[in-house]
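Student: Structure below; questions to follow.
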Amino acid sequence: MLSVLRLHLPSDIPIVGCELTPYVLLRRPDNSVTNDDVSESNPLDGCFVRYKWYRIHSDKRVAMCSVHPSEQATLQCIGCVKAKIPVARSYHCTAKCFSDAWQHHRALHERAASAVNENGAEEDDMFGRMGGSGSGVVNAAGGLNSSGSITSQSPNLNNGSAPSYPNPVSERSGGETWFEVGRSRTYTPTADDIGHVLKFECVVVDLDTRIPVGPVSTLLTSRVIPAPCPTPRRLIPVNGVDIVGNLDADGRSGSAGAFTVLSYNILSDAYATSETYSYCPSWALSWPYRKQNLLREIIGYHADILCLQEVQSDHFEDFFAPELEKHGYIAVYKRKTSEVFNGNGRVIDGCATFFRRDRFSLVKKYEVEFNKAAQSLTDALVPNAQKKTALNRLLKDNVALIVVLEAKFSSHVVDTPGKRQLLCVANTHVNVHQDLKDVKLWQVHTLLKGLEKIAVSADIPMLVCGDFNSTPGSAPHALLAMGKVDPLHPDLAVDPLGILRPPSKLTHQLPLVSAYSSFARMMGVGGNLESQRRKMDSATNEPLFTNCTRDFLGTLDYIFYTADSLTVESLLELLDEESLRKDTALPSPEWSSDHIALLAGFRCMPRIRR
């Protein structure tokens, strides 16, 4: 007879908006085991498995900390309540928790004040992780006023309007009421579940009689928590004038002919291991949580073009492509040329470029496989006896994806009325190994020489985005930013294959400029500009970091543009270390990658003839 052997939940903490899929191990009548679903429409030996989910509503209701969402809240920020900030953001587990988070928490108040009656709804859409309704109150909790000081204790916490629960009541005992909330194997917690335990129940049922033929198997979750809320990031114009109020209904700049580009290494699930990121809670490192958190963040930026790196091929096909299509994006993908073993099978990641179908159309796609270029290089330059050694060093499976897009909007600045406005966008992920400086530089040089050929044939504006795994001042960065590499640069000392000689060949003619260096060049004054300048390296004019782990803090990601045909209009504000929490690094419950997203707003301008 069919029977349930074991139940297990992959994640120890359920989060609002993240699907729960229990692992159900069954024993078939022939004594073999399976975790396949035996549904009513596909029974086995006259039986099927019935599933139910319940919310356990305790008489002792709790709210959860917005910073440490697995901890119960004991304090509430009164300033958040007065500012009508989603209530889930106002809770803290201890006074120290609130004090440590105050700098970025205060930004919520500032955003709320500036967004009143203008774009508050949009901001909640961008960064509001399940606010509004909650799950109850915490008794005998202290409150916090808007200045951050602790007020006298109050009898309870205000948690918004009382949620409505489904009927009927399934069972009530011992001060607990169980409400049935689902009848499928999977369940996605809602805001009404916050602070409550969920129960999953499955039982084998006779297909004809609908009567259970075995014991009921159950498991209980921990309390449901809201998805954590990262600090909102806003676009800052390069002239220093706040443009938040000038965003259109989709959150984009209303400036005619302008467009925005996002570059983001989203951290492949194959690399997001607990061994590498031991400081990140396991539930926040799980893919079911991270994918939803990443999607909310990416959608919230409302960028016209998305350049994503470390996108697994299965995640691209099953999740990102269909989900972003719902938001008006067309997808182009190039996977790496080799798979990676992640313990559960072989997976592969790559570069994905998305663009809004109402803003651009695809003209042409180029795929750059550095492995193929390495084969050609070794065939031409390396003696046969050294080819195997050379290929072992050069074949790293990295790729680049280049798309030529046609704008569907008018830039009003083209040289000839009616001329097509084209744009070339390169998206790449350069080799990570720090002891292969020659390979990094060779890959970047190979990409730039390919882009030069496109520029000669098409004479169009260009963007070069990605994770270059190269810090400011390195040889790859120098080649991108200055068009050449100093022959005495220390990175050139690592060249066992002689592929970088002579150094005079390490040049390109594209007038590339780093978009974020615009922050350092801004002449305006004001809190936003001064704050951003403090997050820039004065020597390189690049951000202090775009990658933040326990072992590394530095800049690896860039958006370069051709300065003779594009001008930067706005940049997404940078993060600082304090805003990433004092007690952790990336990824974290708030930010689901070890990189931060970069976003720049551009406008096409008349090309400067050289």
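The values are calculated or read from the model by the stated rules, or taken from the named source; none is laboratory data. This structure is a prediction, so every number in the text was calculated from the model and none was measured. Positions of Cβ are backbone-derived with ideal geometry, glycine not excepted, and every protein chain shown enters the neighbour counts. Only protein heavy atoms, including side chains, enter the accessible area calculation; ligands, DNA and RNA are left aside. Shrake-Rupley method; radii C 1.70, N 1.55, O 1.52, S 1.80 Å.
Student: Considering only DSSP beta bridges whose two residues both sit in the stretch 367-495, what percent are antiparallel, to the nearest 5? Numbers along the way, then the final one.
Tutor: Values: 10 of 16 bridges.
Close to 60 percent.
Student: Continuing with this model, one more query. Quick one: which of Lys365/Lys484; Lys365/Lys408; Lys334/Lys505; Lys365/Lys437; Lys291/Lys336; Lys453/Lys505 span more than 22 angstrom between C-alpha atoms?
Tutor: Checking Cα-Cα distances, Lys365/Lys484; Lys334/Lys505; Lys365/Lys437 exceed 22 Å.
Student: Follow-up. If ligands, DNA and RNA are left out, what is the accessible area of Asp314 with a 1.4 Å probe, given in Å² to the nearest 10?
Tutor: It works out to around 60 Å².
Student: Oh, and also: Shape verdict for the stretch 415-456, please, from the Cα gyration tensor: rounded (a/c under 1.5), prolate (a/b greater than b/c) or oblate. Intermediate values should be presented prior to the final figure.
Tutor: On the way: a/c = 6.42, a/b = 3.10, b/c = 2.07.
Prolate, since a/c reaches 1.5 and a/b exceeds b/c.
Student: Beta carbons within 10 angstrom, averaged per residue: use that to sort the peptides 585-591, 202-208, 509-515, highest first. Spell out each step's value before the answer.
Tutor: Working: 585-591: 24.3, 202-208: 16.6, 509-515: 20.4.
In descending order of packing, they fall as 585-591, 509-515, 202-208.
Student: Quick one: Debye curve from the C-alpha atoms of the stretch 477-524, no solvent, what's log10 I(q)/I(0) at q = 0.13, 0.19, 0.25, 0.31 Å⁻¹?
Tutor: So the normalised log intensities are -0.41, -0.69, -0.92, -1.15.
Student: Same structure again: Let me know the whole percent of all Cα-Cα pairs from the stretch 1-101 that are separated by more than 18 Å. Kindly include the intermediate steps, with their values, before the conclusion.
Tutor: Working: 3258 of 5050 pairs.
Across the stretch 1-101, Cα pairs with separations above 18 Å total 65 percent.
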